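Below: the structure, in structure tokens.
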Amino acid sequence: MPFLLPSINQLLYLQINSIDDEEAKQEYKSRIADIETNYLSVEIPIHEATGRLKRLYVGDELSAYFITEGGVKHYFTTSVLGFKEEGIRQVIIKKPAEDDISKIQRRNFLRVPAELEMAVQFGERGRTVAVTEDVGGGGISFHCDKHSPLSVGMQIACWLLVPYKNGKIDHIAFKGDVVRVKPLDNRQLGMLRFSEIADRDRQKIIRYCFERQLDFRKN
């Protein structure tokens, strides 16, 4: 039996599918301002503990839930489609189908371990070759030389080689914002959120992730 859809003015509780594990643990609160056929308009999310507004980006993947009478939590996953101004700035997120709403929390975001080759351009500061640690629809994490000029907040241009099970290899170009840098012994781990990527290229990465997930389940 399908569950009820959320309604206007209902509170939504959100977590971000972030490549930064600390950020992914944080919970934010929002309110549904409007409901259309294919999307929901929600207020800018607020961090429950600090009261700070959370900046979201197009393509961000979210885990959401709302609470109905009796304290029952209803979970669904969604993504940011865009923004609009209706007196106050609102976030447009994908509307879930009734069958996509569950009483069971699902934390299996589309993010998989993968060692893929990638070229990274640090603006005018040179280029290096990197290897990804994991990839997902919203961003990637990757290993590069410890001397690479990687820093939080910088935007970098990347070219990623994505192989599929049918033998085809796609070369995907995108730009991303560095959200975290972790020094390791002789290298560093960079965590990147996509900031400029074509929708078709994002879908290619998601397709690769699905193939990888199927492989993991078989094993």
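A few points about this structure:
- Here the label points at Ile8 and His147, each 7 Å from Cα along the C-beta direction, are separated by 6.1 nm in the simple model.
- As a calculated quantity, the FRET efficiency between Asp170 and Glu86 at R0 = 41 Å, using C-beta atoms, amounts to about 0.60.
- Net charge over other residues, Cβ less than 11 angstrom from the Cβ of Gln121 (K, R count +1; D, E count -1): +2
- Extension gain, Asp99-Asp185: 0.36 nm per intervening residue step, less the Cα-Cα distance, totals 26.3 nm.
- Neighbour net charge for Asn9 - beta-carbon separation under 12 angstrom, K R +1, D E -1: -1
- Length gained on full extension, Leu161 to Asn38, computed as 0.36 nm times the residue gap minus the Cα-Cα distance: 41.0 nm.
- Cross-link partners of Lys94 among aspartates and glutamates, defined as those whose alpha carbon lies under 20 angstrom from its own and excluding same-chain residues fewer than eight positions apart: Glu27, Asp34, Glu36, Glu43, Asp60, Glu61, Glu85, Glu86, Glu196, Asp199, Asp201.
- Percent carbon-and-sulfur accessible area, the chain, ignoring ligands, DNA and RNA, probe 1.4 Å: 49 percent
- FRET efficiency for Glu117 and Lys25, using Cβ-Cβ distance with R0 set to 22 Å, rounded to 0.05: 0.15
- Helix 199-218 vs. the chain, principal-axis angle (Cα, 0 to 90°, nearest 10): 90 degrees
- Surface analysis of the chain yields an accessible area of 55 Å² per residue, using protein heavy atoms and a 1.4 Å probe.
- Per residue, the average separation of C-alpha pairs within less than 8 Å and at least 6 apart gives the range 96-203 a relative contact order of 22 percent.
- Annotation: the chain has a Kirkwood hydrodynamic radius of 18.7 angstrom, from the mean reciprocal C-alpha pair distance.
- Gyration tensor (alpha-carbon) shape descriptor, the range 53-135, a/c threshold 1.5: oblate
- Relative contact order of the range 1-88, defined on C-alpha pairs under 8 angstrom at six or more residues apart (%): 24 percent
- The range 12-52 shape via C-alpha gyration tensor axes, a/c threshold 1.5: oblate
The values are calculated or read from the model by the stated rules, or taken from the named source; none is laboratory data. Computed from a predicted structure; not experimentally measured. Cβ coordinates were reconstructed from backbone atoms using ideal geometry, including for glycine residues, and neighbour counts include every protein chain displayed. Surface areas here come from the heavy atoms of the whole protein model, side chains and all, with no ligands, DNA or RNA. Shrake-Rupley method; radii C 1.70, N 1.55, O 1.52, S 1.80 Å.
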